[in-house]
Amino acid sequence: MKSHLFFACAMFFSAAVIHAQQAPANGNVPISVSSGGGQYGSMFANLMNKRTKARYAILGTPYLFDYWTTGTVDIDGQTYVLEQVKLDLVEKALEVIYDGEQKYIDAYRFTRFTLYDQVNNKPVYFTNANLYKVGGKRLDSGIMKVTQVGEYNILTYMKARLVHPSQAQLINGVDPRPKVVKENFIYLEHEGVVYPVRKKKDLEKALSRHQGKLKRYMKENKLNVKNEADLMGLLIYIQQ
């Protein structure tokens, strides 16, 4: 899938530097969504999962951002503007305030969405992971963070699960609450081809056009291939 297709959200932010995430408009008119008075409209309300949030005590947080923030979500070609939303990685869903209650939009329902990172003061872009194929096999539905760096996209497949203590651990006095365990799996996408990145050798395949610069960069810099900031620095360097 071409890089520019990932970011066809109607957004209110833009940037011009090579390492910035970009969101060209797609012509859709965003639909505003009220945050607390039940004013979402029947069309949007019908898209939401009717279950309420499960109440359970856990260690850690299932959310990407613990605070409520603004964002957009694309469903069936329509962009909705959300006033209060969180990303629940355990549920693989967006949690929104609807009529005074917390409701879900499951990952399989949307193609892409954007959340505003209030700490770093920037929008963050996501798609459904099942839009991508790796080695001819489509990834499972889930949350894929997309960071555009020039001609490349860093794809971060974000997963989280609840791990319950064993009986032996409980007997030994371990906290009985399940623990949130988060995992990120990194891929690089270029011209529609997706490459898994698990070790430095994987970069040689994904960045075969830039072997000289790649070798120089890795020789002169410490590089953690599982760290998005490290990969961004590498991609900026090789495209200069």
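All but one of (1) over 20 Å from Pro62 (Cβ atoms); (2) out of contact with any Asp or Glu (no Cβ under 6 Å at 6 or more places or on another chain) hold for Leu162; which doesn't?
All conditions are met except number (1).
Restricting to the stretch 101-123, count the residues that are out of contact with any strand residue (DSSP E or B) (no Cβ under 9 Å at 6 or more places or on another chain) and either farther than 25 Å from Gly60 by Cα or outside any loop (DSSP other than H, G, I, E, B) (or both).
Final tally of qualifying residues: 1.
Does any residue of the stretch 17-33 turn out to be under 18 Å from the mean Cα position of the chain (by Cα) and modelled with pLDDT of 55 or more?
There is no residue in the stretch 17-33 that is under 18 Å from the mean Cα position of the chain (by Cα) and modelled with pLDDT of 55 or more.
Every residue in the stretch 94-129 that is in contact with a Lys or Arg (Cβ under 9 Å, 6 or more places away or on another chain) and free of Cβ contacts under 8 Å to residues at least 24 places away in the same chain, please.
Scanning the stretch 94-129 gives Leu94, Asn128.
Can you report the number of residues in the stretch 205-240 which are under 25 Å from the mean Cα position of the chain (by Cα), among the basic types (Lys, Arg) and part of a helix (DSSP H, G or I)?
Total meeting the criteria: 1.
Would you point out the residue of the stretch 83-100, among those that are under 16 Å from the mean Cα position of the chain (by Cα) and not in a loop (DSSP other than H, G, I, E, B), that is farthest from Val181 (Cα to Cα)?
Ranking the candidates gives Val85 first.
Which condition number in (1) surrounded by fewer than 20 Cβ atoms within 10 Å (Cβ to Cβ); (2) within 17 Å of the chain's Cα centre (by Cα) is the one that Gly150 fails?
(2)
Considering each residue of the stretch 99-123, count those that are over 16 Å from Ile154 (Cβ atoms) and out of contact with any Gly (no Cβ under 7 Å at 6 or more places or on another chain), and give that number.
Here the count works out to 13.
Looking at Tyr187, Tyr157, which is the one that is of a type in the set (Ser, Thr, Tyr) and either at pLDDT below 95 or crowded, with 20+ Cβ neighbours inside 10 Å (or both)?
Every option except Tyr187 fails the conditions.
Which ones in the stretch 124-144 are part of a strand (DSSP E or B), within 30 Å of Leu59 (Cβ to Cβ) and out of contact with any Gly (no Cβ under 8 Å at 6 or more places or on another chain)?
Correct list: Val124, Tyr125, Phe126, Thr127, Ile143, Met144.
The values are calculated or read from the model by the stated rules, or taken from the named source; none is laboratory data. In this text, all values refer to a predicted model and were calculated from it rather than measured experimentally. With ideal geometry, Cβ positions are generated from the backbone for all residues, glycine too; neighbour counts draw on all protein chains shown.
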